[in-house]
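As structure tokens, the structure follows; a few thoughts come after it.
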Amino acid sequence: MNAIFSKVPAEVRVFLIRATLLFIVWKSVYILWLIPNQVPDAPLVRWLGDGTTVMMNMIYATDSFYAVHTTRPKVYGADTVMATYSMVKKGKRSILGIYQACNGLELMVLYAGFILCFTGPWFRKFMYIVTGIFALYIANVVRCGLLGWIGIEYPRHFDFAHKYFFNLVIYAIAFVLWIYYVKGLSNSDEATKTS
């Protein structure tokens, strides 16, 4: 095993070691502390619900959409915790339910973790992480708003849009953001070599 690992370029080894350690730390902290305390899941779900109502009100040029935030029991392994969810409504009609799995947190962490595992200046990493997470959040608000619209106007297409189309779009956005980060690193490496 060591012979195979030693043949891997040093930069790749460092990336893989960082990624493994970051994954273990993230999952441990998330499962043991963040999920039971709903941090940052509950605020993200509420913000996403509120943002979705803004998006829906813009689409329909009205102010009749609103979000109702509630909690309900959710089972994680052997534990039951209270989980926040938002229901976007118009009048008494439920339009779109937003749950913790919809809040984009896992993709935001994956995006940030990928950047943290690369080499590069910390300020640059910080700026890409903050900007990228904000972009992913806005994309998720747009996704939820459009899912609400599809649910109203084209309900038979909702499942495809929810499960496949918008997942592809959101992951493509994260991928493009990663490409910009890596491309910027290679450009700065080239500039360093020529100076």
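So here's what we get for this one:
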quantity: Per-residue [θ]222 nm for the chain (sum of -39500 (n - 2.57) over DSSP H runs n ≥ 4, rounded to 500); calculated: -21000 deg cm²/dmol
quantity: The stretch 104-145 versus the stretch 1-61: alpha-carbon centroid distance in Å; calculated: 9 Å
quantity: Unit charges on C-beta of K, R, D, E only; dipole of the stretch 80-195, Debye; calculated: 400 debye
quantity: Fluctuation leader among V130, V75, V29 - the chain, Gaussian network, Cα springs under 10 angstrom; calculated: V75
quantity: Kyte-Doolittle at least -0.5, axis length at least 30 Å by Cα - qualifying DSSP helices, the chain; calculated: 122-153, 166-194
quantity: Point-to-point label distance, K74-F5, nm (Cα→Cβ direction, 7 Å offset); calculated: 3.5 nm
quantity: Cα→Cβ-extended label distance, 7 Å offset, between V81 and L16, nm; calculated: 3.2 nm
quantity: Prolate/oblate/rounded call for the chain, Cα gyration tensor, a/c under 1.5 rounded; calculated: prolate
quantity: Extension gain from F175 to L110, taking 0.36 nm per residue of separation minus the Cα-Cα distance; calculated: 22.3 nm
quantity: Over 32 Å (Cα to Cα) - which of K89/K125; K74/K183; K92/K163 fall in this group; calculated: K89/K125; K74/K183
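Taken together, the values in this text are just the output of simple stated rules run on the coordinates, not laboratory data. Everything numeric here is computed off the predicted structure, so don't read it as measured data. Note: ideal-geometry Cβ built from the backbone for every residue, glycine included; neighbour counts use all protein chains shown.
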